[in-house]
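Just below is one structure, and these are the notes that go with it.
The values are calculated or read from the model by the stated rules, or taken from the named source; none is laboratory data. Predicted, not measured: the structure shown is a model, and the values here were computed from it. Neighbour counts are summed over all protein chains in view; Cβ atoms, including those assigned to glycine, are modelled from backbone coordinates with ideal geometry. The accessibility values were calculated without ligands, DNA or RNA, using every heavy atom of the protein model including side chains. Shrake-Rupley method; radii C 1.70, N 1.55, O 1.52, S 1.80 Å.
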Amino acid sequence: MNSIDKTNKEVFASRWKNSLTLCLIIATALQVSCKKFVEVPPPDYNITGDVVFTDDASAISVLTELYSSFNRNPIQGGFSAGSIFLFAGLAVDEYKLNGGIITPNYVGYYTNALTADPTKPSGSEHWTFLYNAVFKCNAAIEGLNASTTLLPLVKKQLLGEAKFMRAFFYFYLVNMFGDVPLALSTDPEINTLLPRSSKESVYDQIKKDLTEAKEQLSDNFLDPTLLVNTTERVRPTKWAAMALLARVYLYTGEWTNAEAQSTAVISNTALFNLPDSLNDVFLKNGKEAIWQIQPTDASFNTFDARTLIIPASGPSPGSLGNPVQLSPFLLNSFESNDKRAINGKWINSVTAGATIYKFPYKYKIYLPNSSINAGTGTINMTEYFMVLRLGEQYLIRAEARARQGNLIGAID
């Protein structure tokens, strides 16, 4: 595998240090054979088209389960300490490992030594989950297209969600592993023989899926029935598809398209606005949220808060401990007037012994059971896991304008 040199890592990290949705640019040339894809275990539940896609509720549950699974897999970090964004931060040196809490999967990302080998921990945990999720999306798309009994509005929304999610999963696969098998069906005879497709081909499919998804997804956030608007921002909309498409166009050097997509999202001020306070950005259903993951564990608001916030006693070991702290490289990159760097805003610190630990403080609610109302037993979640947010769209548009020579527009 080819490592990223420090210069490239610094350029990348400087560009994206403002965005929660830290992108996984791990330029690898893994020699992943098609056999590796075959070895991925089957999904943890079955999707049977002739049964699941005969009524709206059952069809909706397929995609709902996929979102719910984010709370127990590498996307949000429930399966082990750290979300996919934490591992990305390790890869570009925004974090450094806490001494004494080093495990092989953290080291693999920190040293850019990923592998899809299921017997090894660094990379395989994401490879396995992401391809299982791709299979579910493929099964949903096939089942939805074949169904003749679903309400047309429900069918259209679900097709958009499935295509959006497939693009989302492939985005991280291609950025983590480079050339990867491009599985677009559930046929094992086809998938077994798939070679690795070029990164360009994978990106072409991502663009196709997102372009179709934004035409099929609702303009508004929908409740679990997909028939009623809601304030919960936990199901993808057309704006989520456009936001991810803006990022993809930026990565593929299509500056005009990147600017157009980000501008469309930014211009929707009825749904999206930058909050006045930095403390309000990562709250549930905030106006900056384009797409969030709703917690399903009553004990925690987000796994990232539990993992990244270091207690007063210092980092704790174990799979539910605190594996990382902010690196000097990232801390030194903030300008002197950057309000996010003020202690207690998006960065906080503790002193344990003679060591000062600085850690991300975007998510602030982390204590076990802190979200449960002791008097009533009800769950009072205040923070949702942010996947796509408006701030990133401003960064995308600024870079896209700068790449086109529009420096005044970029600065603005």
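Output the number of residues of the stretch 266-285 satisfying the condition of being without any contact (Cβ under 8 Å) to a residue 24 or more places away in the chain and not in a helix (DSSP H, G or I).
6
Read through the list (1) in a loop (DSSP other than H, G, I, E, B); (2) within 19 Å of G89 (Cα to Cα); (3) free of Cβ contacts under 8 Å to residues at least 24 places away in the same chain, then give the number of the only condition that T148 fails.
Only one criterion in (1) in a loop (DSSP other than H, G, I, E, B); (2) within 19 Å of G89 (Cα to Cα); (3) free of Cβ contacts under 8 Å to residues at least 24 places away in the same chain is unmet by T148, namely (2).
Taking the stated definitions as given, is T263 over 29 Å from Q404 (Cα atoms), surrounded by fewer than 20 Cβ atoms within 10 Å (Cβ to Cβ) and modelled with pLDDT of 95 or more?
For T263, the condition - over 29 Å from Q404 (Cα atoms), surrounded by fewer than 20 Cβ atoms within 10 Å (Cβ to Cβ) and modelled with pLDDT of 95 or more - is not met.
Is at least one residue of the stretch 175-185 open to solvent by 20 Å² or more (accessible area, probe 1.4 Å) and part of a helix (DSSP H, G or I)?
no
Within the stretch 331-341, can one find any residue that is loosely packed, with under 14 Cβ neighbours inside 10 Å, of a type in the set (A, V, I, L, M, F, W, C) and part of a loop (DSSP other than H, G, I, E, B)?
no
Could you tell me how many of the residues in the stretch 351-384 are modelled with pLDDT of 90 or more and not in a loop (DSSP other than H, G, I, E, B)?
Residues meeting the conditions: 9.
Output the residues belonging to the stretch 133-155 that are surrounded by fewer than 20 Cβ atoms within 10 Å (Cβ to Cβ) and farther than 17 Å from V52 by Cβ.
P152, L153
Determine if the stretch 272-292 includes at least one residue that is among the basic types (K, R), open to solvent by 40 Å² or more (accessible area, probe 1.4 Å) and either out of contact with any Phe, Trp or Tyr (no Cβ under 8 Å at 6 or more places or on another chain) or under 22 Å from A88 (Cβ atoms) (or both).
No.
Report yes if some residue within the stretch 297-306 is in a loop (DSSP other than H, G, I, E, B), charged (D, E, K, R) and at pLDDT below 95; otherwise report no.
Checked against the condition, which is being in a loop (DSSP other than H, G, I, E, B), charged (D, E, K, R) and at pLDDT below 95, the stretch 297-306 yields at least one hit.
Is it the case, given these coordinates, that A243 is open to solvent by less than 60 Å² (accessible area, probe 1.4 Å) and in contact with a strand residue (DSSP E or B) (Cβ under 6 Å, 6 or more places away or on another chain)?
Against the criterion (open to solvent by less than 60 Å² (accessible area, probe 1.4 Å) and in contact with a strand residue (DSSP E or B) (Cβ under 6 Å, 6 or more places away or on another chain)), A243 qualifies.
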